[in-house]
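Student: Please read through the structure below; I'll follow up with questions.
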Amino acid sequence: QVQLVESGGGLVQPGGSLRLSCVASGWFFSINAMGWYRQAPGKQRELVAAITSGGSTNYVDSVKGRFTISGDNAKNTVYLQMNSLKPEDTAVYYCNARARLDVRPNEYLYWGQGTQVTVSS
């Protein structure tokens, strides 16, 4: 099983920056991809950014040019650098990992507990 622990959320003024971190631990064969989702009050959870173990990334259009996802495979950690934050970025941010538990190709999805990001003056 995989446990994900996020950190780095908080309150920031518009235009400011935050860096989220997510560490994966537990017993697994490999982590194939990690990502960040967010959910604002009254809205559906949406993918913000994701990165594969090979380094391929994708972003939701609304954060392109402002957010950067990166990973450290050796540390089983993924980061989300968020710059030029806007009030509409306010949400609970969840870390997500797609992992294999053994040599079989089956992948399983895991979620962190979430970290609050609030952008407000």
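The values are calculated or read from the model by the stated rules, or taken from the named source; none is laboratory data. Just so we're clear, the structure is a prediction, and the values are computed from it rather than from any experiment. Cβ atoms come from the backbone with ideal geometry, glycine included; neighbour counts cover every protein chain shown. In case anyone asks, the SASA skips ligands and DNA or RNA and just uses the protein heavy atoms, side chains included. Shrake-Rupley method; radii C 1.70, N 1.55, O 1.52, S 1.80 Å.
Student: Test each condition in (1) open to solvent by 20 Å² or more (accessible area, probe 1.4 Å); (2) in contact (Cβ under 8 Å) with a residue 24 or more places away in the chain for THR57 and report the one that comes out false.
Tutor: (2)
Student: Right, something else. Would you please list the contacts, defined by Cβ atoms under 9 Å and residues six or more apart or on different chains, that run from a residue in segment 96-121 that is under 22 Å from SER70 (Cα atoms) to a residue that is open to solvent by 90 Å² or more (accessible area, probe 1.4 Å) and among the aromatic types (Phe, Trp, Tyr)?
Tutor: ASN96/TRP111; ALA97/TYR108; ALA97/TRP111; ARG98/TYR108; ALA99/PHE29; ALA99/TYR108; ARG100/PHE29; ARG100/TYR108
Student: Would you pick out the residues in segment 45-54 that are closer than 21 Å to VAL5 by Cβ and open to solvent by 70 Å² or more (accessible area, probe 1.4 Å)?
Tutor: ARG45 - this is the single residue of segment 45-54 that is closer than 21 Å to VAL5 by Cβ and open to solvent by 70 Å² or more (accessible area, probe 1.4 Å).
Student: Related question: Among the residues that make up segment 61-76, is at least one of them of a type in the set (A, V, I, L, M, F, W, C) and open to solvent by 40 Å² or more (accessible area, probe 1.4 Å)?
Tutor: yes
Student: Another question about this same structure. In segment 10-28, what count of residues is obtained for those that are within 15 Å of ILE69 (Cα to Cα) and buried (at least 16 other Cβ atoms within 10 Å of the Cβ)?
Tutor: Residues in segment 10-28 being within 15 Å of ILE69 (Cα to Cα) and buried (at least 16 other Cβ atoms within 10 Å of the Cβ): 5 in total.
Student: Could I ask something else about it? Could you check, for segment 29-44, whether at least one of its residues is open to solvent by less than 60 Å² (accessible area, probe 1.4 Å), closer than 18 Å to THR115 by Cα and among the small types (Gly, Ala, Ser)?
Tutor: Within segment 29-44, one or more residues are open to solvent by less than 60 Å² (accessible area, probe 1.4 Å), closer than 18 Å to THR115 by Cα and among the small types (Gly, Ala, Ser).
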